[in-house]
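Participant: First the structure, then my questions, so here it is.
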Amino acid sequence: MAQTRVGSWSCGQAARCIAPVPVGEDGTHHRFMVGTYTLQQRNEIHVLEFEENTADVVCRRTLPHEDEIWLLSVSPTNSSQVATYSSGKASSPALRLWNTGNLNDPQASMEEVCTLEDEETPLTSVKSVLWDPHNEGIVVVADTEALRVFQGSSGVGSKLSRQLTLHVGQRCNGACLDPHHPQHVSTVDDAHLKTWDLRSSRLASKKEYAHLFGARDVDYNPNVPYQVLTTGEDAVIRFWDLRQLGKCMRTLANGHHHWITCARFNSHHDQLVLSCGTDSFVCLWRAGCEASPPLGGGGAGGVEDGPGCASESQLAPDGLIQRFEEHEDSCYSCCWSAADAWIFASVSYDGKVVINRVPGEEKLRIQPN
């Protein structure tokens, strides 16, 4: 089979965050936003588009952003709503909500809508900005010590005010909203995995020492309730059933050699997992034993070697599909395209963006027809 062409783009500055842009009316554009991170120059948000037929990467718009961008998050329902977090080279740290206007209009400018603030307890090093899939007017923010819920109207240009602050730990590194159960959020702090009920402001479940060292990221399976993955400084990905945290469902290892900073389930084919790390590698994994029944072929979840793995002998073995080594610096962020199940992107600290595809052999294994 012919080798798949890879798309790449250089931001010309350091970068550490990339996010998918939701599809437009035509539903065909593979678009991503990348935020630059430099102390010496003015920063930018690059709106990139991947041309699938030619593997070309085109910068459709460049949006000026004064401070360095530590984190960037695009609303999954409205591509003109973008949140950025900056530690503040010229001012104090700030989490801002922006309106980018029509991304197809090269003349449109990005306007600041509001700054998300907690007057009682200032935000400290924001790690995640989560757009509530159940309520368009709610944004959940995780920093190193707390979860904060901001609420406003769902319209573009609306301001958000803090409704709740929930202290979660001493060293929170990431959070993810439960797509199946409103008001549930999972966090990783220090080496622990915790799930919180925002309605009662209480801890719902906890797995201490989910990883040997620090835990770095968490993501929910979009198709299987109660199932999450976590990544760690021990260079492994672990799968958990939040109802049975006594034992890890499965561990994926031997892909990374250092911290795994980010991992994401594929929303269409949840047996595919994407990860990146400080070793500069981007890894594509097969986790069919933990996939939803129609895709994984043998039931959802279960402990390792349990009922969920009954048909595993009929499937390709779980583990590393391919390690992608186009980057030369640490990778802090990766994501799947919002327009297609087979396209994914990553960014390394030197500002290099790489857009790749699921290998054809794996695609045929999942969709043989």
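The values are calculated or read from the model by the stated rules, or taken from the named source; none is laboratory data. All figures in this text were calculated on a predicted structure; none of them were measured in a lab. Cβ placement follows ideal geometry from the backbone for every residue including glycine, while neighbour counts extend to all protein chains displayed. Accessible surface is based on the protein model in full, side chains and every heavy atom, while ligands, DNA and RNA are left aside. Shrake-Rupley method; radii C 1.70, N 1.55, O 1.52, S 1.80 Å.
Participant: Given the residues Glu66, Glu52, which is the only one that is open to solvent by 40 Å² or more (accessible area, probe 1.4 Å), touching a His at 6+ places or on another chain (Cβ under 7 Å) and either under 20 Å from Glu326 (Cα atoms) or acidic (Asp, Glu) (or both)? Before you say what the answer is, go through the steps one by one.
Facilitator: Details: Glu66 fails: touching a His at 6+ places or on another chain (Cβ under 7 Å).
Residue meeting the stated conditions: Glu52.
Participant: Can you tell me how many residues within the stretch 212-221 are over 12 Å from Trp240 (Cα atoms) and at pLDDT 95 or above? I'd like the intermediate steps shown before the answer.
Facilitator: Taking the stretch 212-221 and keeping what is over 12 Å from Trp240 (Cα atoms), we get 212-217.
Going one step further and asking which of them are at pLDDT 95 or above, we end up with 215-217.
Here the count works out to 3.
Participant: Give the residue, chosen from Glu361, Glu326, Glu304, Glu312, that is modelled with pLDDT of 95 or more and on the phi < 0 side of the Ramachandran plot. Walk me through it before giving the result.
Facilitator: Numbers: Glu361 fails: modelled with pLDDT of 95 or more; Glu304 fails: modelled with pLDDT of 95 or more; Glu312 fails: modelled with pLDDT of 95 or more.
On inspection, the qualifying residue turns out to be Glu326.
Participant: Something else about it: Let me spell it out: the conditions are (1) touching a strand residue (DSSP E or B) at 6+ places or on another chain (Cβ under 7 Å); (2) closer than 20 Å to Glu136 by Cα, and Gly35 meets all of them except one. Which number is the exception?
Facilitator: (2)
Participant: Residues to consider are Val224, Val236; find the one that is over 14 Å from the mean Cα position of the chain (by Cα), touching a residue at least 60 places away in the same chain (Cβ under 8 Å) and under 26 Å from Arg357 (Cβ atoms). Break it down stepwise before answering.
Facilitator: Values: Val236 fails: touching a residue at least 60 places away in the same chain (Cβ under 8 Å).
Every option except Val224 fails the conditions.
Participant: Filter the stretch 328-349 down to the residues that are assigned to a loop (DSSP other than H, G, I, E, B) and aliphatic (A, V, I, L, M), then identify the one that is nearest to the chain's Cα centre (by Cα). I'd like the intermediate steps shown before the answer.
Facilitator: Taking the stretch 328-349 and keeping what is assigned to a loop (DSSP other than H, G, I, E, B), we get 328-330, 337-342, 349.
Right, trim to aliphatic (A, V, I, L, M) and you get 338-339, 341.
Working: Ala338: 12, Ala339: 16, Ala341: 15 Å.
Applying the filter and picking the extreme gives Ala338.
Participant: Return the pairs, sorted by first residue and then second, in which the second residue is open to solvent by 10 Å² or more (accessible area, probe 1.4 Å), the first residue lies in the stretch 35-47 and is farther than 15 Å from Val82 by Cα, the beta carbons are less than 6 Å apart, and the residues are 6+ apart or on different chains.
Facilitator: What qualifies is Tyr37/Ala14; Tyr37/Arg16; Thr38/Gln13; Thr38/Ala14; Leu39/Lys89.
Participant: Out of all the residues in the stretch 1-25, which are open to solvent by less than 60 Å² (accessible area, probe 1.4 Å), among the small types (Gly, Ala, Ser) and at pLDDT below 85?
Facilitator: Gly24 - this is the single residue of the stretch 1-25 that is open to solvent by less than 60 Å² (accessible area, probe 1.4 Å), among the small types (Gly, Ala, Ser) and at pLDDT below 85.
Participant: Next up: Return the total of residues in the stretch 228-269 being surrounded by fewer than 20 Cβ atoms within 10 Å (Cβ to Cβ) and on the phi > 0 side of the Ramachandran plot.
Facilitator: Residues flagged as surrounded by fewer than 20 Cβ atoms within 10 Å (Cβ to Cβ) and on the phi > 0 side of the Ramachandran plot within the stretch 228-269 amount to 1.
Participant: Pick from Tyr226, Tyr220: which is touching a Leu at 6+ places or on another chain (Cβ under 6 Å) and closer than 25 Å to Glu145 by Cα?
Facilitator: On the way: Tyr220 fails: touching a Leu at 6+ places or on another chain (Cβ under 6 Å).
Answer to the check: Tyr226.
Participant: Of the residues Pro122, Pro93, Pro106, only one is surrounded by fewer than 13 Cβ atoms within 10 Å (Cβ to Cβ) and within 22 Å of Gln13 (Cα to Cα); which?
Facilitator: Numbers: Pro122 fails: within 22 Å of Gln13 (Cα to Cα); Pro93 fails: surrounded by fewer than 13 Cβ atoms within 10 Å (Cβ to Cβ).
On inspection, the qualifying residue turns out to be Pro106.
Participant: From the set of residues in the stretch 69-78 that are open to solvent by 10 Å² or more (accessible area, probe 1.4 Å) and under 17 Å from Cys114 (Cα atoms), which is modelled with the lowest pLDDT? If you could, list the steps in order and put the result at the bottom.
Facilitator: From the stretch 69-78, those open to solvent by 10 Å² or more (accessible area, probe 1.4 Å) are 70-74, 76-78; that's our starting set.
Filter once more, keeping what is under 17 Å from Cys114 (Cα atoms): 71-74, 78.
Values: Leu71: 96, Leu72: 97, Ser73: 96, Val74: 95, Asn78: 88.
The extreme case among them is Asn78.
Every residue, every condition in (1) polar (S, T, N, Q); (2) closer than 18 Å to Thr100 by Cα, yes or no:
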position	(1), (2)
Arg16	no, no
Phe32	no, yes
Thr36	yes, yes
Gln40	yes, no
Glu49	no, yes
Cys59	no, yes
Ile69	no, yes
Ser75	yes, yes
Asn78	yes, yes
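Participant: So, one more: Of the residues that sit in the stretch 27-40 and are at pLDDT below 90 and either under 18 Å from Trp342 (Cα atoms) or in contact with a Lys or Arg (Cβ under 8 Å, 6 or more places away or on another chain) (or both), which one is least open to solvent (accessible area, probe 1.4 Å)?
Facilitator: Gly27
Participant: Mind listing whichever residues of the stretch 339-351 are modelled with pLDDT of 95 or more and surrounded by fewer than 21 Cβ atoms within 10 Å (Cβ to Cβ)? Can you show your working first?
Facilitator: The initial filter retains those residues of the stretch 339-351 that are modelled with pLDDT of 95 or more, namely 342-351.
Matches in the stretch 339-351: Ile343, Tyr349, Asp350, Gly351.
Participant: Has the stretch 160-178 got at least one residue that is touching a strand residue (DSSP E or B) at 6+ places or on another chain (Cβ under 7 Å), modelled with pLDDT of 95 or more, buried (at least 16 other Cβ atoms within 10 Å of the Cβ) and not in a strand (DSSP E or B)?
Facilitator: Looking through the stretch 160-178, at least one residue is touching a strand residue (DSSP E or B) at 6+ places or on another chain (Cβ under 7 Å), modelled with pLDDT of 95 or more, buried (at least 16 other Cβ atoms within 10 Å of the Cβ) and not in a strand (DSSP E or B).
Participant: Which condition number in (1) open to solvent by 60 Å² or more (accessible area, probe 1.4 Å); (2) under 27 Å from Gln41 (Cβ atoms) is the one that Pro133 fails?
Facilitator: (2)
Participant: Determine whether the stretch 273-282 contains at least one residue that is under 20 Å from Arg365 (Cα atoms), within 20 Å of the chain's Cα centre (by Cα) and modelled with pLDDT of 95 or more. Walk me through how you get there before you give the answer.
Facilitator: Within the stretch 273-282, the first condition is being under 20 Å from Arg365 (Cα atoms), and the residues that meet it are 273-274.
Imposing the further condition that a residue be within 20 Å of the chain's Cα centre (by Cα) reduces the set to 273-274.
Applying the additional criterion that residues be modelled with pLDDT of 95 or more yields 273-274.
Scanning the stretch 273-282 turns up at least one residue that is under 20 Å from Arg365 (Cα atoms), within 20 Å of the chain's Cα centre (by Cα) and modelled with pLDDT of 95 or more.
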